[in-house]
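See structure below.
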Amino acid sequence: SQSRYTAVHLEVFQGLLRSAGNRHNAPEWLVSSDSSNGNYASSLTAEAPFTRHCVRLQEFYKSHFMKVIKAAIQSAITAKMLPSNTLNLVNLTVKAPSVETRDKAAEANANQIYATLGIKSKQTIAQELGLDWEQEEVNQHEANGGAGDGILKLPDSPEQPETEY
């Protein structure tokens, strides 16, 4: 009967989905839409094989995204929409978003405590967040109206005299 064939086709289809997901270490629930077979929270932690695989793929794709961006700029140069030396004037970087799902509020609280205790520097925290420390120093300096020496201080570091630029 028709329902027997449908059930067989669905079973084959589910097997194909699991096989495709297996190539990328994807959790079964992600490819099959069957949430009864896994734990969502533990499958997207930093240590999970699928998450590590996604991080590796992001590194792979960053170079390809860079090629696309450069090609778009080159097209604009060819169309006389940008100066011919544009690629020499700009520094292009491609950053991928964070893959890991995590409790960012708890992580921020922990980082604040670590910085206050002197266990972790603000520069390390900024790097873990994917921020450019030198640019953040410039941004802080500008946000303070140009006052100070442009150096971010830890809460327990001695005060430094303000210098006008």
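The values are calculated or read from the model by the stated rules, or taken from the named source; none is laboratory data. Not measured: the values here are computed from a predicted model. Here Cβ is always computed from backbone atoms with ideal geometry, including for glycine, and neighbour counts include all displayed protein chains. Side chains are part of the model used for accessible areas, which takes the heavy atoms of the whole protein and leaves out ligands, DNA and RNA. Shrake-Rupley method; radii C 1.70, N 1.55, O 1.52, S 1.80 Å.
Any chance you could count how many residues in the stretch 45-94 are loosely packed, with under 12 Cβ neighbours inside 10 Å, under 27 Å from residue 21 (Cβ atoms) and among the basic types (Lys, Arg)?
Counting residues in the stretch 45-94 that are loosely packed, with under 12 Cβ neighbours inside 10 Å, under 27 Å from residue 21 (Cβ atoms) and among the basic types (Lys, Arg) gives 1.
If I ask for residues that are open to solvent by 100 Å² or more (accessible area, probe 1.4 Å) and either in a helix (DSSP H, G or I) or in contact with a helix residue (DSSP H, G or I) (Cβ under 6 Å, 6 or more places away or on another chain) (or both), which ones from the stretch 95-106 would you list?
104
Restricting the first residue to the stretch 102-122 and requiring it to be more than 26 Å from residue 51 (Cα to Cα), which pairs with a second residue that is open to solvent by 60 Å² or more (accessible area, probe 1.4 Å) and in a helix (DSSP H, G or I) meet a Cβ separation below 6 Å and a spacing of at least six or different chains?
Taking only residues 6 or more apart or on different chains, the pairs are 115/122.
Each row is one residue, and each column tells you yes or no for (1) touching a Gly at 6+ places or on another chain (Cβ under 6 Å); (2) at pLDDT below 85; (3) among the hydrophobic types (A, V, I, L, M, F, W, C).
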residue	(1), (2), (3)
92	no, no, yes
98	no, yes, no
108	no, no, yes
117	no, no, yes
133	no, no, yes
139	no, no, no
157	no, yes, no
